[in-house]
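Taking it in order: structure first as structure tokens, then the write-up.
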Amino acid sequence: MTPIQPNERVVELRKLLSDYSYQYHVLDNPLVSDAVYDSLFGELKKIEAEHPELITLDSPTQRVGGELLSGFKKVTHSTRMLSLNDVFDRSDVEAWVKRTDKLLPGRQHEFFADIKMDGLACALIYQDGVLTQAITRGDSFIGEDVTANVRTIKNVPLSLRRAEGYENFLKGRTEIRGEIVMLKKDFQALNIKQEAANKPKFANPRNLAAGTIRQLDPKLVAERPLSFNAYDLLRDNPAEVPTNMFAYEAVSALGLKRNQQAAVFDKLSDVMSFVDYVEKIRDELPFNIDGLVIKVNNRALFAELGVVGKQPRAAVAYKYAAEQATTIVKDIVISIGRTGAATPVAVFDPVVVAGTTVRHASLHNADEISRLDIRIGDTVVIFKAGDIIPQVESVVMELRPKDIKAVDYEQLLAEQYPELQFERRGEDVIYRVKGLSGDLILKRAIEYYASKGALDIDTLGEKNVVALVEAGLVKDLADIYTLTSDDLLKLDRFATISANKLIKAINEKKNPPLEKFILGLGIRHVGTQTAIDLANKFESIENLANADLDELQLVDGIGKVVAESIVAWFSDEDNERLLKKFNELGVVPYYAKKTGKLNGKNFVITGSLSGMSRDDAADRIRQLGGTFQTAVAKDTDYLVVGEKVGASKLKKAEQYDIKVINESDFIEMVK
């Protein structure tokens, strides 16, 4: 596949985002969710940040909103209705605080925080206390006059209430900014009516509120239950509104609804506690939210900090984790599960969805690949089913590279598993390994896990494994750690001594060396040395499970085929559950960096040794920090010569000028 060029990608993204924006803001017909739009917008911002020479004036990143509807009069805002910079975690907020403190040296200030409603921003203009105009946000400079429609919103006062201490706001021009929303209960009730009338249900409250307020018929607007929540107050003399909290108190006194959750904090830690609190109660709120607004409370300091581009320095929008995102499919790998089922897995550039980093998602079967028409190189929409399992929702066809081909699943199986045969039986949508049953695969897996080269579990040999599996006592690798002596005594093969011996041997291997555990998992193409290299690189099973293709291929000796095999194993849902089960049963592999007098030295053994087996010799080399190699290479330091030596390794050692030592010299080195 031809690599995606940044200059081409930005053109495609700009066109697509422009189309989405037109459908959303002009036609009130959103084609994708806000999360998908934000993810693509974020990708464009990232490319432009890395390649500033590609920024153009018509880029969506260079403006706040979309085009205006022609059906409403255009009105210039008295001051711009700015957007806010997004932040996503505590470190982002801390960085913002440091920037503001640097610009305000030695001056203490408070933080103002409030819920960020997911609605349509609007400004209400009151002249001498009477509503005279309502203007949408528009492009931040110019909005639309929607006064007739807003007057139908029942909680928008047509005249401001007189309140003691706030009489000055009834004189001259008072602008109150806020969000037009539809409450969840009203939205649900409206959809029930739609369903009863055999009409299509509305997608979500935010889109419905935005679409309603842009209707040219105020009577239709009046039929839909909209609500206005104020969040700002502006006067010609800024000194009349000293703080953001004062603005909230004033709008309440003047008769407008505002969020009661808004609060002022002295410490950043208290702000972050508020962030966590709101995230817990967000589902209980009467309207949808997409985060919080955090501001410098003092309005004079707010103004002093100024504006950079299109965002004020004195405020940020804390966004909660999106449940959708976009990313690019880098590969499709196939995982062979415990039953022999071949499951395709899409591997992507890492992307954050619902607060966690996602690197891959199951494509389930060949039919699902065809249904989605997903291809390597596609930009896809990712979501989390039940906020847990990442799934591919759809392909962004407009961003598909021209030279990518449809997936031939059988060809993919043949390429990744040339030594196996697969079959698809009857109505089954799954391809399975031909000639292998689930029990046979499990028996082989346990035998390998318990073998001398892996965890070396004494007495857990072939016959005992067969007995355990056929009795139904063990259904996966982790189940061996659930066995008890009483379980074993039910089988003819075991008496008290042999049962206790096996249970003791299994429990002694609950904390195996990481490289032994990796090897024992039986990941295809991962042998002893590769397992050691992976352990040395990633140092924990969690880090290895989260490694992507590029990271894996940085490990010496690991190419694309091996990397795909590793990713496929850790992408398999059964294997994810297996690792979780290991952890719950207290099976925790440890990593200990091997250092010693052989550190950095590479050894090859040819012939048989009289004093120890080849496996024991290899283990001793590794324990002392050295590397055991199976073949002579340019980086080999020593060739250990035993009995019955083959000529080829000696010849290569001579060719590469490698030091040749005998068994006694070697034993002296590894004492």
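Looking across Ser83, Ser21, one residue alone is modelled with pLDDT under 85, outside any loop (DSSP other than H, G, I, E, B) and either surrounded by 14 or more Cβ atoms within 10 Å (Cβ to Cβ) or in contact with an Asp or Glu (Cβ under 9 Å, 6 or more places away or on another chain) (or both). It is Ser21. Among residues of region 193-217 being among the aliphatic types (A, V, I, L, M) and under 28 Å from Lys116 (Cβ atoms), the one that is modelled with the lowest pLDDT is Ala203. In region 8-15, the condition of being crowded, with 16+ Cβ neighbours inside 10 Å, of a type in the set (Val, Ile, Thr), under 16 Å from Ile328 (Cβ atoms) and at pLDDT 90 or above is met by at least one residue. Considering only residues in region 532-554 that are assigned to a helix (DSSP H, G or I), over 21 Å from Ser362 (Cβ atoms) and touching a helix residue (DSSP H, G or I) at 6+ places or on another chain (Cβ under 6 Å), the one that is modelled with the lowest pLDDT turns out to be Ile532.
Restricting region 208-220 to residues that are under 38 Å from the mean Cα position of the chain (by Cα) and in a helix (DSSP H, G or I), the residue that is surrounded by the fewest Cβ atoms within 10 Å (Cβ to Cβ) is Gly211. Asp276: closer than 30 Å to Lys185 by Cβ, at pLDDT below 90 and either surrounded by fewer than 19 Cβ atoms within 10 Å (Cβ to Cβ) or touching a Ser or Thr at 6+ places or on another chain (Cβ under 9 Å) (or both), yes or no? So Asp276 fails the test. May I ask you to verify whether Leu440 is over 33 Å from the mean Cα position of the chain (by Cα), at pLDDT below 95, more than 25 Å from Glu584 (Cα to Cα) and surrounded by 15 or more Cβ atoms within 10 Å (Cβ to Cβ)? Criteria not met by Leu440. Of all residues in region 650-671, exactly one satisfies the criterion of being in contact with a strand residue (DSSP E or B) (Cβ under 7 Å, 6 or more places away or on another chain) and basic (Lys, Arg), namely Lys659. Of all the listed residues (Val353, Val395), the sole one being within 23 Å of the chain's Cα centre (by Cα), at pLDDT 90 or above, surrounded by 17 or more Cβ atoms within 10 Å (Cβ to Cβ) and not assigned by TED's automatic domain parsing to the domain that holds Phe112 is Val395.
Of Gly461, Gly438, Gly522, all but one fail to be on the phi > 0 side of the Ramachandran plot and out of contact with any Leu (no Cβ under 8 Å at 6 or more places or on another chain); the exception is Gly522. Being at pLDDT 90 or above, over 30 Å from Asp487 (Cα atoms), outside any helix (DSSP H, G or I) and basic (Lys, Arg) is the requirement here; does Lys384 meet it? No, not satisfied. Just give me the residues in region 234-254 being surrounded by 18 or more Cβ atoms within 10 Å (Cβ to Cβ) and under 14 Å from Val156 (Cα atoms), in sequence order. Those that are surrounded by 18 or more Cβ atoms within 10 Å (Cβ to Cβ) and under 14 Å from Val156 (Cα atoms): Val251, Leu254. Exactly one condition in (1) crowded, with 19+ Cβ neighbours inside 10 Å; (2) more than 32 Å from the chain's Cα centre (by Cα); (3) at pLDDT below 90 is false for Gly119; which is it? Condition (2) is where Gly119 drops out. Quick one: is Leu160 in contact with a Gly (Cβ under 8 Å, 6 or more places away or on another chain) and either at pLDDT 90 or above or surrounded by 20 or more Cβ atoms within 10 Å (Cβ to Cβ) (or both)? So Leu160 passes the test. Within region 135-156, one or more residues are in a helix (DSSP H, G or I) and of a type outside the set (Val, Ile, Thr). When Lys580 is tested against (1) assigned by TED's automatic domain parsing to the domain that holds Tyr656; (2) of a type in the set (Lys, Arg); (3) within 30 Å of Val358 (Cα to Cα), only condition (1) is not met. Evaluating Asn168 against the criteria (1) without any contact (Cβ under 8 Å) to a residue 60 or more places away in the chain; (2) touching a helix residue (DSSP H, G or I) at 6+ places or on another chain (Cβ under 9 Å) leaves one unmet condition, (1).
The values are calculated or read from the model by the stated rules, or taken from the named source; none is laboratory data. Every value quoted in this text rests on a predicted model; they were computed, and no experiment measured them. No Cβ is skipped: glycine too gets one built from the backbone with ideal geometry, and neighbour counts run over all protein chains shown.
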